[in-house]
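Visitor: Below is the structure I would like to discuss, written out as C-alpha cells.
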Amino acid sequence: MKKLAAVCVILALGGSSRLAAQYDRRYEVGLFGAYTKYDPTFGLANKAGGGARFSYALNPKLGLEVEAIFQSPQDITSTTQIEPMIGSGSLIVNVLNQKRATFFILGGYSRLDFGGTDPYRFTDGGWHGGAGAKLYVSSRLALRLDARAIYSPNSTSGFTDKATHYVGSAGLSFFQAGSGTPSKDTDRDGVADKKDTCPDTPLGATVDGHGCPSDQDGDAVLNGIDHCPDTPSGATVDARGCPSDQDGDKVFDGIDQCPNTAAGVSVDAKGCPPAVVPLGPGDADADGVNDLLDKCPATPAGAAVDANGCPLDSDRDNVWDGLDKCPDTPLGATVDANGCPSDSDGDKVFDGIDRCPDTQAGTPVDSFGCPADSDKDGVGDGFDKCPNTPAGIQVDATGCPMAHDTDGDGVVDTQDRCPNTPAGQRVDQYGCLILFEEHTVVPPGAPPARPTLILQGVNFQTGSSVLTRDSYAVLDQVAASLVANPEIRIEVAGYTDSTGAKLTNLHLSMGRAGAVRYYLARKGVAPYRMRAQGYGASHYIASNTTSDGRAQNRRVALHKLN
C-alpha cells in the first residue's frame with residue numbers, strides 16, 4: 001500500500017503541472033478502488049486494492065490511458081506474503097457523450113507482476129477489454145466506474161497455459177480547468193458552438209477561427225466545397241462551383257452575352273462574334289477582313305467569315321453561315337438554297353438521310369426512314385399482322401409464322417403429337433411412330449399373325465430386370481405413340497436365350513416385360529391397355545448356338561392385341 005500512496009502523489013503532482021499547460025485537449029487524473037478476481041488456477045484469493053490512472057483525450061471520441069493497480073498483501077505461507085500489481089495501457093473509445101455522462105469501451109495490454117516469492121516469481125502479460133462510464137459531478141470532477149477482463153494466452157506461471165482475470169473499479173477522475181464534457185460542434189466545422197460566429201456552416205467548408213466560411217471567387221460556393229475555386233466573377237456555376245460553357249466558345253455562361261454562338265466562330269471577351277465592319281477601300285467584299293489578309297476576297301454579302309475572311313459552314317450543308325436559314329441541318333441531308341432540308345415522303349427523316357424516300361404515308365419508320373421491323377422478321381411494322389414473332393421463325397407476307405416441322409417428320413408442329421421423332425422413322429398422321437405393320441398375307445392354314453414390334457435398343461442390366469438409361473429414349477417414343485393412339489392394346493412380351501435354367505429364364509423374362517409395362521404406364525399409357533407376359537427361351541427368332549443369335553433372342557416385344 002505504500003507503493004500505491006507514492007504513485008498517487010507522483011501522478012497528482014505531475015498531472016497538476018500538465019493541467020496548467022493544457023488548452024483544448026482534456027487530461028484526466030484518476031484515483032480509484034479496485035477488486036480483482038484471479039484465475040482459479042493461480043490459487044490466490046480475490047482481493048480489494050486501489051490504483052491511479054492518467055488519460056489523454058485525442059478528440060471527443062478517442063483517448064489514451066495508463067494505469068497501475070496495487071493489491072493488498074496476501075499470505076502465501078505463514079512467513080511470506082506477496083503484493084500483486086497490475087499495470088496497463090488502453091485505447092478508450094467514447095461510444096456516447098452526454099452532457100452529464102460519458103459511456104466508453106476500452107481495450108489494451110496489461111502486465112501482472114506477482115513479486116519475487118516462489119511459486120509466484122513471474123510476470124504475465126495479457127490483452128484486456130472492458131467498458132465503463134464517467135458521471136460528471138462538475139466540469140472538473142467525475143465519478144468513474146469500469147470493469148474489464150484480462151486474458152493471458154501464454155501464461156508463464158506454471159499453473160496453467162492460459163489464464164483469465166477480472167477487475168472492477170470505482171473512483172474519482174479530475175480534469176483541468178475549463179474541461180468537462182466535450183464541446184458541442186453542431187455544424188462539425190471544428191469550432192465549438194459557443195465560439196462559432198457562423199453556426200450553420202455547410203459540411204466540408206473551410207472556416208476561420210470564428211467558424212465562418214469564405215468564398216474567394218465570389219460564386220456563392222464556399223471554399224472547401226468549391227471544386228473550381230478560381231471561377232471568374234459573374235460566371236454561373238453548378239453545385240460544385242464549376243462554370244459551364246454551353247456553346248463551347250471558351251467564354252463561360254453568365255459572362256457570355258451571346259450564349260448560342262455557332263461552333264468555330266471566333267468571339268470577343270463577351271462571347272460574341274466581332275461586328276462585321278467594312279474596312280473601306282481595303283475590304284472589297286465587306287466581310288471585315290482587309291484584302292491584304294483576306295484569303296477569300298469574293299465572299300457573298302452577309303456570310304459569316306473566320307479570321308482569314310473565308311465563309312463558315314457550321315452544319316456542312318454547303319450553305320454558308322449568315323445565309324443559312326436552317327443552321328442546324330443534320331449532316332447528309334439535302335437542302336435548298338436557304339440551307340433548309342426537305343422530306344418528300346413526310347416520314348420526318350430528311351431527304352439525303354432517308355434510305356427509303358418513298359415510304360407510304362403513316363408507316364412507322366426507323367432512323368434511316370425505312371419501315372420499322374420491331375421483331376426483325378423482314379416485314380415492316382406497318383404491314384406486320386404478327387408484330388411479336390420470335391426470332392428465327394419463318395413468316396409469310398403478313399409477318400405471321402409459317403407452318404413449321406421442327407423434327408422433319410412431315411407433320412407440322414401445330415399438329416404433331418410427338419414433336420421429337422428421330423429422323424428417318426415412319427410416322428402416322430399425328431407425327432408419332434407407326435408401331436405395328438399390318439400383315440395381310442399369311443401361309444395357308446396358319447392362324448393370323450399378331451402385329452409385333454421388337455423394341456430395338458431396350459436393354460437391361462446383366463442378369464436383372466433393371467432398364468439401362470439408354471433404353472429411355474426408345475421407350476419415350478413408344479409411349480408417345482401409344483398415348484396418341486388410345487385405341488391400341490398391347491402385350492409386352494419378354495424373351496430370353498436358352499442359356500440357364502428354364503424356370504430362371506421364365507422369371508427373368510416376366511420381370512423384364514413387367515419393367516417395360518411399368519415404364520410405359522409412368523409415361524401416360526393407361527395400364528388397362530397393356531399386359532405383361534414372360535415366355536422364357538421359347539419362340540426364339542434366331543439360333544441359340546451363336547452369340548449373335550442368342551443376343552437376338554434376348555428381347556422385349558410388343559404384340560398388338562386388337
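Coordinate-derived values only; no laboratory data. Owing to the predicted nature of the structure, the values given are computational and were not obtained by experimental measurement. Glycine also receives a Cβ, built like all others from the backbone with ideal geometry; neighbour counts cover every protein chain displayed.
Visitor: Measuring from label point to label point, each 7 Å out along Cα→Cβ, what is the Ala501 to Tyr109 span in nm?
Guide: Reported label-point gap for Ala501 and Tyr109 is 8.5 nm.
Visitor: Please list the helices of the chain that count as membrane-span-like by this rule: a mean Kyte-Doolittle hydropathy of at least -0.5 together with Cα atoms stretching 24 Å or more along the helix axis, each helix being a complete DSSP H run. List each step's numbers first, then the result.
Guide: Details: long enough: 2-21 (30 Å, 1.25); 502-522 (30 Å, -0.11).
Flagged H segments are 2-21, 502-522.
Visitor: Still on this structure, I have one more. Once every DSSP H run of n ≥ 4 in the chain is given -39500 (n - 2.57) and the sum is divided by its residues, what mean residue ellipticity at 222 nm do you get, rounded to the nearest 500 deg cm²/dmol?
Guide: -3500 deg cm²/dmol
Visitor: Could I ask something else about it? Treat every Asp and Glu Cβ in region 278-368 as -1 and every Lys and Arg Cβ as +1, leave all other atoms uncharged, and give the resulting dipole magnitude about the Cα centre to the nearest 20 debye. Each step should come with its number before you reach the end.
Guide: Values: 5 positive and 20 negative charges, 12 e Å.
Roughly 60 debye, rounded to the nearest 20.
Visitor: Taking a spot 7 Å from the Cα of Ile541 along the direction of its beta carbon, which residues of region 465-487 have an amide N less than 17 Å from it?
Guide: Within reach of a label on Ile541: 474-475, 478.
Visitor: State, as an integer percentage, the relative contact order of the chain based on alpha-carbon contacts under 8 Å between residues 6 or more apart.
Guide: On the way: 1186 pairs, mean separation 28.7, N = 562.
Worked out over the chain, it gives 5 percent.
Visitor: Could you give the nm distance between label points at Ser342 and Ser72, where each point is 7 Å from its Cα heading toward the beta carbon?
Guide: Result: 11.5 nm between the two label points.
Visitor: From Cα coordinates alone, what are the radius of gyration and Dmax values for region 452-560 in angstrom?
Guide: 13.4, 41
Visitor: Could you compute the longest span of the chain free of GluC sites (Glu not before Pro) located in DSSP loops and having at most 15 other Cβ atoms within 10 Å, not counting the site residues? Don't jump to the answer; show the numbers that get you there.
Guide: Values: sites that count: Glu437, Glu438, Glu487.
Within the chain, the longest run free of exposed GluC sites (Glu not before Pro) spans 1-436.
Visitor: Also, I was wondering about something else. Net charge within 12 Å of Pro202 by Cβ-Cβ distance, Lys/Arg positive one each and Asp/Glu negative one each, not counting Pro202 itself?
Guide: Numbers: positive: Arg188; negative: Asp187, Asp189, Asp200, Asp215, Asp226.
That sum, taken over residues with Cβ under 12 Å, equals -4.
Visitor: Calculate the dipole size of the chain relative to its Cα centre from +1 charges on Lys and Arg beta carbons and -1 charges on Asp and Glu beta carbons; express the result in debye to the nearest 20.
Guide: Values: 48 positive and 71 negative charges, 1413 e Å.
In debye, rounded to 20, the chain gives about 6780.
Visitor: By the scheme Lys and Arg +1, Asp and Glu -1, what is the net charge of all other residues having a beta-carbon under 14 Å from that of Gly89? Show your work: numbers first, answer last.
Guide: On the way: positive: Arg53, Arg111, Arg148; negative: Glu65, Glu67.
Within the 14 Å Cβ shell, the charges total +1.
Visitor: Let me ask something else. Quick one: if you stick a label point 7 Å off each Cα along the C-beta vector at Asp396 and Leu331, how many nm between them?
Guide: 4.6 nm
Visitor: Which one of Ile393, Gly378, Val237 is farthest out on the positive end of the charge dipole of the chain, using unit charges on Cβ (Lys, Arg +1; Asp, Glu -1) and the Cα centre as origin?
Guide: Value computed over the given set: Ile393.
Visitor: I would also like to ask the following. Tally the DSSP beta bridges in region 452-560 and give the antiparallel ones as a percent, rounded to 5.
Guide: Details: 10 of 15 bridges.
Beta bridges within region 452-560, antiparallel portion: roughly 65 percent.
Visitor: Hey, how many Å between the Cα centroid of region 30-82 and the Cα centroid of region 292-312?
Guide: Between the Cα centre of region 30-82 and that of region 292-312, the gap is 95 Å.
Visitor: Only four residue types carry charge here, +1 at the Cβ of Lys and Arg and -1 at the Cβ of Asp and Glu. Report the dipole size of region 414-557 about the Cα centre in Debye, rounded to the nearest 20. Write down the numbers at each step before the final one.
Guide: On the way: 15 positive and 10 negative charges, 91 e Å.
I would put it at about 440 debye.
Visitor: What number comes out for the charge environment of Gln456, summing +1 per Lys or Arg and -1 per Asp or Glu over other residues with Cβ under 13 Å away? It would help to have the intermediate numbers written out before the result.
Guide: On the way: positive: Arg554, Arg555; negative: Asp470.
Result for the neighbourhood of Gln456: +1.
Visitor: Mark the label point 7 Å from the Cα of Ser314 along Cα→Cβ and return the residues of region 326-364 whose backbone N is within less than 11 Å of it.
Guide: 326-329
Visitor: Straight-line reach from Lys61: which lysines have Cα under 17 Å away, leaving out those fewer than 8 places along the same chain?
Guide: Lys99, Lys134, Lys184
Visitor: Let me ask something else about it. May I have the pair-distance distribution P(r) for region 14-166, computed from all Cα-Cα distances with 5 Å bins from 0 and rounded to whole percent?
Guide: Answer for region 14-166: a P(r) of 2, 8, 17, 21, 17, 13, 9, 7, 4, 1, 0 percent.
Visitor: Here's something else I'd like to know. If you take the square roots of the eigenvalues of the alpha-carbon gyration tensor of region 460-524 and sort them as a ≥ b ≥ c, do you get rounded (a/c under 1.5), prolate (a/b over b/c) or oblate? Please report the intermediate quantities before stating the final value.
Guide: Values: a/c = 3.02, a/b = 1.85, b/c = 1.63.
Verdict is prolate for region 460-524.
Visitor: Now a separate question. Considering only the chain, what is the antiparallel percent among its DSSP beta bridges, to the nearest 5? Intermediate values should be presented prior to the final figure.
Guide: Working: 105 of 110 bridges.
Restricted to the chain, the bridges split so that about 95 percent are antiparallel.
Visitor: Toward the positive end of the charge dipole of the chain, about the Cα centre and with charges on Cβ (Lys, Arg +1; Asp, Glu -1), which of Gly87, Val66, Ala480 goes farthest?
Guide: Gly87
Visitor: Can you tell which of Thr123, Ala149, Ser139 lies farthest toward the positive end of the dipole of region 102-153, using +1 and -1 charges on the Cβ of basic and acidic side chains (Lys, Arg; Asp, Glu)?
Guide: Looking along the dipole axis, the top candidate is Ser139.
Visitor: Same structure again: Assign one of three labels to the chain, namely rounded, prolate or oblate, based on the Cα gyration tensor with a ≥ b ≥ c the square roots of its eigenvalues; rounded applies when a/c is under 1.5, prolate when it is not and a/b is larger than b/c, and oblate otherwise. Mind dumping the intermediate values first?
Guide: On the way: a/c = 4.97, a/b = 1.23, b/c = 4.06.
Judged from the Cα gyration tensor, the chain comes out oblate (a/c at least 1.5, b/c at or above a/b).
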